[in-house]
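First comes the structure, then the notes that go with it.
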Amino acid sequence: MITLVGKSGKAAELPDVSAMPNRLNGIAIIESISRPELQRLANKYNLSYRTLEESLDINETPNLTQRDGYHYLYVSLPNARANQKVNPITRPVLVVYNNHLLLIVTSMHLSPVLPLTSLVSNLALARTVQSALVYLLTRVVESYDRYIKTHSNAISSVVAEIQTRRLENEVFLNLILLEDQINDFVSALTPLAPLLQRIQADRSIPLSGSNSDDITDAILATQQYIGICNSNARRITSIRDAYSTMTNNSLNSIMKTLTVATMLIAVPDLVFSFYGMNVHVPMQETRNSFLIVTAIAVVATIAVIIWAKKRHLL
């Protein structure tokens, strides 16, 4: 199903545009597109169907190509439920543009990530493709902000939790899923910064001063988000390493305690076992032999305790 959104809101048909240079004559946001609908789009605007088809590939990475007078820009948007346990985490969005046309093509619904009402109303104010494109790319970069903040807050809560109580296995499972999301965001954002720089330097569709400044801000924001994502990934690694070290230390302490306990049990057991044999043993006929044997066992046990404390086993 195609959901069309034109400059004035909902649209029933794709816009008809004429080749008037440096003027924005048509805008269309095309959601939930299928392969037959891609063919229709390719036929109407003489676009490359093969390039359009890649918009259905969830593994498509951000890139920019030029073909037959059109720019094909692939960017990745965070999935609407990226803070939950679902995949894929990011989805590709294809932006096709030239001097007079801007098409936004995606197989997903944009509304949860980029509210269409706000998106359409702001795109409608754009008088040039450059202004519309810069606004769209700025919104794409900003769409990562709330998800990255959610990641940072989730990691901080785990750090606070690890100081107060023993973490459950579910917490570490959530950390693994969170790390997967962060790595996916890094994969999506890393090629985006060079793409923005290419668009900024593109002389076929030059940017005005204000548009160039907005692209520069988007580049800086992208690099900042990449840095935060990498920092969060390192924090997750540090949490795992620290907790693994703590667990190993706790296990070593338990093993030491069990070893000493075994020795404390074994020493008197050894003494008593000597005098439990059905053979002649020393002091067998002695009147206070029981007390003497017990005293020997106690002394031996105390000696083991002193030795264990000197070796820091207790």
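The values are calculated or read from the model by the stated rules, or taken from the named source; none is laboratory data. Predicted, not measured: the structure shown is a model, and the values here were computed from it. Because the Cβ atoms are built from the backbone with ideal geometry, glycine has one as well, and the counts that use them run over all protein chains shown.
Determine, yes or no, whether Ser143 is out of contact with any Lys or Arg (no Cβ under 9 Å at 6 or more places or on another chain), over 30 Å from Gly69 (Cα atoms) and not aromatic (Phe, Trp, Tyr). No; evaluated as a whole, the condition is false for this residue. Among the candidates Tyr225, Tyr275, single out the residue that is modelled with pLDDT of 80 or more and aromatic (Phe, Trp, Tyr). Answer to the selection: Tyr225.
Being of a type in the set (D, E, K, R), more than 16 Å from the chain's Cα centre (by Cα) and surrounded by fewer than 12 Cβ atoms within 10 Å (Cβ to Cβ) is the requirement here; does Glu161 meet it? Reasoning before the result, please.
Values: of a type in the set (D, E, K, R): yes; more than 16 Å from the chain's Cα centre (by Cα): yes; surrounded by fewer than 12 Cβ atoms within 10 Å (Cβ to Cβ): no.
So Glu161 does not fit the description; no.
The C-beta contact set for the stretch 210-230 (first residue closer than 20 Å to Thr128 by Cα and in contact (Cβ under 8 Å) with a residue 12 or more places away in the chain, second residue of a type outside the set (Gly, Ala, Ser) and surrounded by 19 or more Cβ atoms within 10 Å (Cβ to Cβ), distance under 6 angstrom, 6+ apart or interchain) comprises Asn211/Gln130; Asn211/Val134; Asp214/Val134; Ile215/Val134; Ile215/Leu196; Ala218/Leu137; Ala218/Val141; Ala218/Leu196. Inclusion of Gln181 among residues that are part of a helix (DSSP H, G or I), polar (S, T, N, Q) and within 30 Å of Gln66 (Cα to Cα) is not warranted. For the stretch 199-210, the condition holds for at least one residue, the condition being that it is surrounded by 15 or more Cβ atoms within 10 Å (Cβ to Cβ), out of contact with any helix residue (DSSP H, G or I) (no Cβ under 6 Å at 6 or more places or on another chain), modelled with pLDDT of 85 or more and assigned to a helix (DSSP H, G or I).
Report whether or not Thr262 is in a helix (DSSP H, G or I), surrounded by fewer than 15 Cβ atoms within 10 Å (Cβ to Cβ), at pLDDT 80 or above and outside the structural domain of Arg139 (by TED's automatic domain parsing).
Details: in a helix (DSSP H, G or I): yes; surrounded by fewer than 15 Cβ atoms within 10 Å (Cβ to Cβ): yes; at pLDDT 80 or above: yes; outside the structural domain of Arg139 (by TED's automatic domain parsing): yes.
Yes.
Mind listing just one residue for me: the one in the stretch 215-233 that is within 17 Å of Arg139 (Cα to Cα) and surrounded by fewer than 18 Cβ atoms within 10 Å (Cβ to Cβ) and, of those, farthest from the chain's Cα centre (by Cα)? Filtering the stretch 215-233 for residues that are within 17 Å of Arg139 (Cα to Cα) and surrounded by fewer than 18 Cβ atoms within 10 Å (Cβ to Cβ), the one farthest from the chain's Cα centre (by Cα) comes out as Thr216.
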